[in-house]
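Structure record follows, encoded as structure tokens.
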Amino acid sequence: MLEIQRLRSHKEEVLAGLSKRNINATNTINELLEMDALWRENKTQLENISAELNQLSRKIGDCFKNNQAQEAQQLKNETQELKVQEAALKTHVDELDSKITTILYSLPNVPHVDVIQGRLPEDNQLIESQGELPTFSFTAIPHWDLAKKHQLIDFELGVKVTGAGFPFYRGKGAKLQRALIAFFLDEADKAGYEEFIAPLLVNEASGIGTGQLPDKEGQMYYAPEDELYLIPTAEVPLTNIYRDVLLPNEDFSIKLTGYTPCFRREAGSYGKDVRGLNRLHQFDKVEIVRIEHPKNSEKALNEMVSHVRDLLIKLELPFRILRLCGGDMGHASAMTFDFEVFSAAQEKWLEVSSVSRFDTFQSNRLKLRFKDAQKKSQLCHTLNGSALALPRILAAILENNQTPDGITIPKVLQAYTGFDRIT
RNA sequence: GGUGGGAUGGGUGAGUGGCUGAAACCAACAGUUUGCUAAACUGUCGUACGGGUAACUGUACCGCGAGUUCGAAUCUCGCUCCCACCGCCA
């Protein structure tokens, strides 16, 4: 959620930023600021009336103590009119408040100055391309056929037990999955991230804190009986550890990681993009989360990008890094780098990680602050990234490392899997 | 699921209608003393929002929401969460 103070003082800058998302928010923000001015005016009035009432009440108390019952009664009568006014103003102020909040929730984050305007994935900026695209002397087999051939993943069984998008991993497929998780967690640990095993269901306040609610309500699975949401990413429980937290000084750098399954309804997706492991309702991911002083978030973002980059290099997967254009970024993000690996049989790039800085957008909702040197509260910056999401990594490993007589396991994983080939 | 108890500032904890935004103690921070550390002493020590260039000032907040009252941390109702014991159970 954008800070109202920022809209008051830097309206033009915000509008210019939002235009990179192809949003013209001029009218919305003007309307918002008008309401805000009215809100402040009414709030001042309301507080004046409350102050007057408080004073009268004190006087009444004194009168009773001094046995001046008659005067007390007179003062009581005076409060009647004020109480009516107070109630009316209160209703009005509350209404304005909730309207303002609704609009603030609906506005996306302002893109960082380095983010370019754009609409489509094609407008994203290519930052780096790494690794050789594999070539084969035979026709490469897509991962869903490889998975079937080697009995690594059973999609049909998933359909039987749950539904489409909930595969079973089995045998060496399951072991490979476990190896990837352990590898990613170990690397995060080496980079100084504290590991958490987090709850997979969260309450409404947590959903609001990280921005899934109310913006993306339909994307989460929901258990109405207990009013809990299944997490779409570990970002939600990990970041919400710091909801309503006021850090005591400026000297902090919080680095968290966790492996969790992620649950996404993916309402509306269909077709070729959802084939095999490309898009699932349940998938595994190791997430990294950082909470930083505003002056450090740039550095933190770079570190996270280089961390993910290292993972892909170690896995020997060809990848590219894109900086998303304004139109392709998520609602809460100020800047996002997407990592895509090349999938040799599908002959396309698959998104495997998204690393974003949110600046104060999440912390404003979370009420995550720190005390600066002047003892004033300031909002922290939050960042997060996938390091990494498993299914498409698995797909790329299977496809890129296939040979006529089996699949080679990347060296770095062999210590984790206990085997070097799948035959 | 049953029974009982509870929720107050960073912590412990006092507070049953006005003198309480909240005692006391601990922790923390600043200073004095000291060769350093410790101890002692003095002072500071909640958050949010509004108004104000500022000093400052107003309002709200004692789990959450509503109600009674001129006035609520304190009384009433609803809810949530926590703890203990019992039951069930990985």
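All of the numbers you see were taken from the coordinates with simple rules; none came from a lab. This structure is a prediction, so every number in the text was calculated from the model and none was measured. Every residue, glycine as well, gets a Cβ built from its backbone with ideal geometry; the counts of neighbours run over all protein chains shown.
Below 10 angstrom from the Cβ of residue A:113, what's the summed charge of the other residues (Lys, Arg +1; Asp, Glu -1)?
Working: positive: A:20; negative: A:13, A:114.
Cβ neighbours under 10 Å give a net charge of -1.
How far apart, in nm, are two points set 7 Å out from the Cα along the Cα-to-Cβ line at residue A:351 and at residue A:122?
Those two pseudo-labels are separated by 1.8 nm.
Given R₀ = 25 Å, what would the calculated FRET efficiency be for residue A:97 paired with residue A:50, taking r from the Cβ atoms and rounding to 0.05? Mind showing how you got there, number by number?
Values: r = 16 Å, r/R0 = 0.63.
For residue A:97 and residue A:50, the calculated efficiency is 0.95.
Run the numbers on segment A:131-224 and let me know its relative contact order in percent, using alpha-carbon pairs under 8 Å that are six or more apart. Walk me through the intermediate numbers first.
Numbers: 47 pairs, mean separation 12.6, N = 94.
Rounded, it is 13 percent for segment A:131-224.
If you take the square roots of the eigenvalues of the alpha-carbon gyration tensor of segment A:193-349 and sort them as a ≥ b ≥ c, do you get rounded (a/c under 1.5), prolate (a/b over b/c) or oblate? Write out the running numbers ahead of the final one.
Values: a/c = 1.77, a/b = 1.10, b/c = 1.61.
It comes out oblate by the Cα gyration axes.
Hey, what did segment A:65-218 get for relative contact order, percent, Cα under 8 Å, at least 6 apart? Walk me through the intermediate numbers first.
On the way: 51 pairs, mean separation 18.1, N = 154.
The normalised contact order for segment A:65-218 reaches 12 percent.
Along the charge dipole of segment A:302-416, pointing to its positive end and built from +1/-1 on Cβ of Lys, Arg, Asp and Glu, which listed residue (A:321, A:397, A:407) has its Cα farthest out?
A:321
Please list, by residue number, every one of the chymotrypsin sites (Phe, Trp or Tyr not before Pro) in segment A:358-423 that is coil in DSSP and has at most 16 other beta-carbon atoms within 10 Å.
On the way: sites: A:358, A:361, A:370, A:416, A:419; in loops: A:419.
The qualifying sites are A:419.
Just check segment A:213-274 against the gyration tensor rule for me: Cα atoms, a ≥ b ≥ c as the square roots of the eigenvalues, rounded for a/c under 1.5, and otherwise prolate or oblate depending on whether a/b exceeds b/c. Present the calculation step by step, with values, prior to reporting the outcome.
Working: a/c = 2.79, a/b = 1.90, b/c = 1.47.
The shape class here is prolate.
Can you pull the one-decimal nm distance between simple spin-label points at residue A:252 and residue A:367, each 7 Å off the Cα toward Cβ?
A separation of 1.5 nm, rounded to one decimal place.
Give me the number: length gained by fully extending residue A:130 to residue A:40, i.e. 0.36 nm times residue separation minus the C-alpha to C-alpha distance, one decimal in nm.
Numbers: separation 90, 0.36 × 90 = 32.40 nm, distance 5.40 nm.
That works out to 27.0 nm of additional length.
Suppose a student asked you for the relative contact order of chain A, using Cα pairs under 8 Å spaced at least 6 residues apart; what percent would you report?
Numbers: 769 pairs, mean separation 83.9, N = 423.
Relative contact order comes out at 20 percent.
What whole number of Å gives the distance from the Cα centroid of segment A:1-49 to the Cα centroid of segment A:287-316?
33 Å
Dipole magnitude of chain A about its Cα centre, charges +1 at Lys/Arg Cβ and -1 at Asp/Glu Cβ only, in debye to the nearest 20?
For this selection, approximately 560 debye.
Using the Karplus equation 6.51 cos²θ - 1.76 cosθ + 1.60 (θ = phi - 60°), what ³J(HN,Hα) coupling, rounded to whole Hz, does each residue of segment A:293-309 give in order, writing x for Gly and Pro?
Per-residue couplings from phi come out as 4, x, 6, 9, 6, 4, 4, 4, 4, 4, 5, 5, 4, 6, 5, 5, 4 Hz.
Cα centroids of segment A:360-423 and segment A:209-273: how far apart, whole angstrom?
For segment A:360-423 versus segment A:209-273, the Cα centre distance is 15 Å.
Net charge around residue A:244, counting only other residues with Cβ within less than 10 Å of its Cβ (Lys, Arg = +1; Asp, Glu = -1)? If you can, show how the numbers build up before the last one.
Values: positive: A:243, A:367, A:369; negative: none.
My count for the surroundings of residue A:244 gives +3.
Ranked by Cβ crowding within 10 angstrom, fewest neighbours first, how are A:206, A:377 ordered? Please report the intermediate quantities before stating the final value.
Details: A:206 22, A:377 11.
Lowest count first: A:377, A:206.
Pull up all non-local amide H partners of residue A:352: gap of 5 or more, or a different chain, and H-to-H distance under 5 Å with H placed in the peptide plane.
When sequence neighbours closer than 5 places are left aside, the close amide H contacts are A:339, A:340, A:341.
In nanometres, what is the gap between the two model label sites at residue A:215 and residue A:73, each 7 Å from Cα along Cα-to-Cβ?
Once both label points are built, they end up 6.1 nm from each other.
To the nearest 20 debye, what is the magnitude of the charge dipole of segment A:4-106 about its Cα centre, counting +1 on the Cβ of each Lys and Arg and -1 on the Cβ of each Asp and Glu?
Details: 14 positive and 16 negative charges, 69 e Å.
So the dipole magnitude of segment A:4-106 works out to roughly 340 debye.
Out of residues 5 or more away from residue A:195 or on other chains, whose amide H comes under 5 Å of its own, with H placed 1.01 Å from N in the peptide plane?
A:257
Of the residues A:389, A:332, A:174, which exhibits the maximal mean-square fluctuation in a Gaussian network model of chain A defined by a 10 Å Cα contact cut-off?
Between A:389, A:332, A:174, it is A:174 that shows the largest mean-square fluctuation.
How much length, in nm to one decimal, is gained on full extension between residue A:416 and residue A:149, taken as 0.36 nm per residue of separation minus their Cα-Cα distance?
93.9 nm
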